[in-house]
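See structure below.
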Amino acid sequence: MNISPIYTPPSEDELNSRKEKLLKLMDNSKLDAFVIADPDNIFWLTNFANYVHERPFILILSKCGRLSFIIPKLEKMHAESRVIGQIEYLMYEEFPYAGKGSWDLLFTAEISKYTNVGLEETAPQFVANLITTKTISSELVEVARYIKSDYEIGRIVYSSNIASKSLEKLLSMAAPGVSLLSVNSKITKLMLLQMLTDNPESNPLATNVAAVVQPPAVSDDPHNFTNIMEMDMAAGGPHVSIINGTINGYGTEVERTFFLGKVPKKAIKPYEVMMEVRGLCYELCVPGADMHDVDFKAKEVFKKYGYAENVVHRVGHSIGVTGHEGPFLAEGFHHEIQAGMLFTIEPGIYLEGIGGFRHSDTVLVTPDGNKNLTPVKDSLKDMTLSISALNFSSSPAFKKKLLKTYNRYFGLNIKLE
């Protein structure tokens, strides 16, 4: 199993092996062809990523292994510059377009060659409506993506290395008054520069990274970024810092809960419980285990400590050509954990008026257990950051405002020289 970072494009053999995975699943379901419209699934099979506007992009895999790619003529050179492997291009004139060069006539003529057709469950209705033969909605492509190849693991290791260093940089910047906007601007810039330095031909259309921090006032609401102009770090905590997304097509995630200068007394117990459940999840996330059990048993521990009503999400999801995909460490999701799968491990507690408590890491399931690919420090001691240095801003007015907050919180009377 490869755990060395890779940032170079996949080989044709790599993409052929992905196609073979899907062909085996198609054969089991007795499908003659499979229709793919999801951009992430298209990328996984072809290495082509694009921002899809209104023009349809549709990939068809036949049971004989032939890939047909219906694309607008506008994108032919773009596709050829990125696609890896053998593929047949079927180009339509434009969208909308009336006449023989329209995409719908092209698609209808191609799909009519097959009797039993598989279709993504998330496929657009306007695509599904054109298939008049027997159609089966299926998650076959997503299932084929569950277990990663050595190449995919290497790419995710690379993304995770960048994410880990970026989170460490974010934490080194942490101080009361530092804004979410400044964090996102500086850290994402560093991530993108690293990616382009390593591989100048990286695909920006397959890249979408975020670096954000929730201050204590909103960290009890995991996805609350509604008023980012006022999301500044504050003395105390808990803050929740987040690095996630895709780097040149392959995802990662690392998050840490941290405090500035002082840990409020009410925050100690939930932090410790979160860490206990986190340790349990690592013990349970091993080959042969049921994904359901990891989440269910985590919730049992939260319940034991009286936090049953403060758990609002599953303990993990997978990582691949996206930063957020199946399979899931979720109650009711009964699937066997296997070596080569990747999960986030991120049990969380959310207490109104106190804040949120969540670490997240990208974790690879190995033949004999698992390996954390984002091993940033996580203890309460390490996540209690000093704020004694007040020289991070060149603005005297800002320093004065910051020092006033600092003195009030800690009951001090420090003055600027």
Please report how far the C-alpha centroid of region 60-74 lies from that of region 209-254, rounded to the nearest whole angstrom. 39
Residue-normalised 222 nm signal for the chain, counting each DSSP H run of n ≥ 4 as -39,500 (n - 2.57), nearest 500 deg cm²/dmol, is -11000 deg cm²/dmol
Most fluctuating residue given options Pro287, Pro124, Pro72, as computed from a GNM of the chain linking Cα atoms under 10 Å: Pro124
Can you classify the chain as rounded, prolate or oblate using the Cα gyration tensor, where a ≥ b ≥ c are the square roots of its eigenvalues, rounded means a/c under 1.5, and otherwise it's prolate if a/b beats b/c and oblate if not? prolate
Other-chain or far-sequence residues with amide H under 5 Å of Thr246's (modelled H): Asn208, Val209
Rounded to the nearest 5, what is the percent of antiparallel bridges among the DSSP beta bridges in the chain? 75
Suppose every Lys and Arg Cβ carries +1 and every Asp and Glu Cβ carries -1, with no other charges. What dipole size does the chain come out with about its Cα centre, to the nearest 20 debye? 1540
Yeah, region 12-144 with a ≥ b ≥ c from its alpha-carbon gyration tensor (a/c under 1.5 is rounded, else prolate when a/b outruns b/c, oblate otherwise) is oblate
Extreme residue, positive dipole direction of region 119-235, given options Pro216, Met233, Ala123 (C-beta unit charges): Met233
List the trypsin sites (Lys or Arg not before Pro) within region 79-130 that fall in a DSSP loop (any state other than H, G, I, E or B) and whose Cβ has at most 10 other Cβ atoms within 10 Å. Lys100
Can you list residues whose amide H is under 5 Å from Ser360's amide H, if they're 5+ apart or on another chain and H is modeled 1.01 Å from N? Glu255, Arg256
What net charge do the residues around Glu80 carry, taking every other residue with its C-beta under 15 Å from that of Glu80, with Lys and Arg at +1 and Asp and Glu at -1? -1
Determine ³J(HN,Hα), in whole Hz, for all residues of region 253-262 in sequence, where each value follows from phi through the Karplus function 6.51 cos²θ - 1.76 cosθ + 1.60 and θ = phi - 60°; x replaces Gly and Pro. 7, 8, 9, 9, 8, 9, 10, 10, x, 8
3J(HN,Hα) from dihedral phi, region 363-375, Karplus parametrisation 6.51/-1.76/1.60, rounded to Hz, x for glycine, proline: 10, 9, 7, 9, x, 10, x, 7, 9, 6, 8, 10, x
Which of Ile156, Ile242, Ile84 moves the most in a Gaussian network model of the chain with Cα springs under 10 Å? Ile84
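Bear in mind that the values in this text are calculations on the coordinates, not laboratory data. This one's a predicted model, so the numbers in the text were calculated from it and none came from an experiment. Positions of Cβ are backbone-derived with ideal geometry, glycine not excepted, and every protein chain shown enters the neighbour counts.
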